[in-house]
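Working notes for the structure below.
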Amino acid sequence: MLHWYKIEQAEFLKKQGISEYKVGGRVICITWLEDQFYAFSRKCPHAGAPLKNGWCEHGKVICSFHRHAFDLTSGRGDPGQHNFISIYPTKYEENEYYVGLETGFWQRLFS
Ligand code: FES
């Protein structure tokens, strides 16, 4: 079940590049790019580097360690990498930004 969480301090986050962001009991990465938020995995699947240290270009996030690139819409790694990251949906509604995360049974019970 998808649960939408409000992105707190959205105006601040828009100016921060890639940030780690705690939401729904998880830590994810979030960035503002071309007038929308993108939310994705905290760690690179290649060797676990924090993606907050990377950068975005041409619709991809680039890991700073070994330059693996991941599409910000599909999460797919570049050809030959054979890996991917999780992408979390975002939306803008009633003057607020939201990120959607799948919630498990226990999270639903105690939220
Ligand atoms: S750890 Fe990210 S590319 Fe190697």
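So, in the stretch 85-106, of the ones that are touching a Ser or Thr at 6+ places or on another chain (Cβ under 8 Å) and part of a strand (DSSP E or B), which residue ends up surrounded by the fewest Cβ atoms within 10 Å (Cβ to Cβ)? Give the derivation first.
Here is the first cut: in the stretch 85-106, the residues touching a Ser or Thr at 6+ places or on another chain (Cβ under 8 Å) are 85-87, 97-100, 103.
The next check asks that each one be part of a strand (DSSP E or B); those that pass are 87, 97-100.
Values: Ile87: 19, Tyr97: 22, Tyr98: 19, Val99: 21, Gly100: 15.
Result: Gly100.
Pairs needed: first member in the stretch 29-57, touching a residue at least 40 places away in the same chain (Cβ under 8 Å); second member anywhere, near the ligand (Cβ under 8 Å from one of its atoms); C-beta distance under 6 Å; at least 6 residues apart or different chains.
Final answer for the pair search is Cys44/Leu51; Cys44/Cys63.
Just checking, does the stretch 73-84 include any residue being of a type in the set (Phe, Trp, Tyr), closer than 20 Å to Lys22 by Cα and either away from the ligand (no atom under 12 Å from the Cβ) or over 13 Å from the mean Cα position of the chain (by Cα) (or both)?
Of the stretch 73-84, the ones of a type in the set (Phe, Trp, Tyr) are 84.
Filter once more, keeping what is closer than 20 Å to Lys22 by Cα: none.
Checked against the condition, which is being of a type in the set (Phe, Trp, Tyr), closer than 20 Å to Lys22 by Cα and either away from the ligand (no atom under 12 Å from the Cβ) or over 13 Å from the mean Cα position of the chain (by Cα) (or both), the stretch 73-84 yields no hits at all.
I'm trying to understand the selection: among the residues of the stretch 32-58, which are within 16 Å of the ligand (Cβ to nearest atom) and open to solvent by less than 30 Å² (accessible area, probe 1.4 Å)?
First, pick out the residues of the stretch 32-58 that are within 16 Å of the ligand (Cβ to nearest atom): 40-57.
Listed by number, the residues that qualify are Phe40, Ser41, Cys44, Ala49, Leu51, Gly54.
Residue by residue through the stretch 5-31, note down the ones that are of a type in the set (S, T, N, Q), open to solvent by less than 70 Å² (accessible area, probe 1.4 Å) and over 18 Å from Gly75 (Cα atoms). I'd like the intermediate steps shown before the answer.
The first filter runs over the stretch 5-31 and keeps only residues of a type in the set (S, T, N, Q), leaving 9, 16, 19, 31.
Subsequent filtering for residues that are open to solvent by less than 70 Å² (accessible area, probe 1.4 Å) retains 19, 31.
Selection gives nothing.
Would the stretch 42-57 turn up any residue that is closer than 21 Å to Trp4 by Cβ and not acidic (Asp, Glu)? Don't jump to the end; show me each part of the working.
Of the residues in the stretch 42-57, the ones closer than 21 Å to Trp4 by Cβ are 42.
Of the ones still in play, those that are also not acidic (Asp, Glu) are 42.
Yes - at least one qualifying residue is present in the stretch 42-57.
If I ask for residues that are under 26 Å from Asp35 (Cβ atoms) and open to solvent by 60 Å² or more (accessible area, probe 1.4 Å), which ones from the stretch 75-84 would you list?
Going residue by residue through the stretch 75-84, those that are under 26 Å from Asp35 (Cβ atoms) are 75-78, 84.
Once the filter is applied, which keeps residues that are under 26 Å from Asp35 (Cβ atoms) and open to solvent by 60 Å² or more (accessible area, probe 1.4 Å), the stretch 75-84 yields Arg76, Phe84.
Confirm whether Phe70 is more than 10 Å from the ligand (Cβ to nearest atom) and either under 29 Å from Met1 (Cβ atoms) or in contact with a strand residue (DSSP E or B) (Cβ under 8 Å, 6 or more places away or on another chain) (or both). Quick ask: steps written out before the conclusion?
Numbers: more than 10 Å from the ligand (Cβ to nearest atom): no; either under 29 Å from Met1 (Cβ atoms) or in contact with a strand residue (DSSP E or B) (Cβ under 8 Å, 6 or more places away or on another chain) (or both): yes.
Spelling it out, it is not the case that Phe70 is more than 10 Å from the ligand (Cβ to nearest atom) and either under 29 Å from Met1 (Cβ atoms) or in contact with a strand residue (DSSP E or B) (Cβ under 8 Å, 6 or more places away or on another chain) (or both).
The values are calculated or read from the model by the stated rules, or taken from the named source; none is laboratory data. Keep in mind that what you see is a predicted model, and the values were worked out from it rather than measured. Neighbour counts run over all protein chains shown; Cβ positions are idealised from the backbone, glycine included. Calculation scope for accessible area: heavy atoms of the full protein, side chains included, ligands and nucleic acids excluded. Shrake-Rupley method; radii C 1.70, N 1.55, O 1.52, S 1.80 Å.
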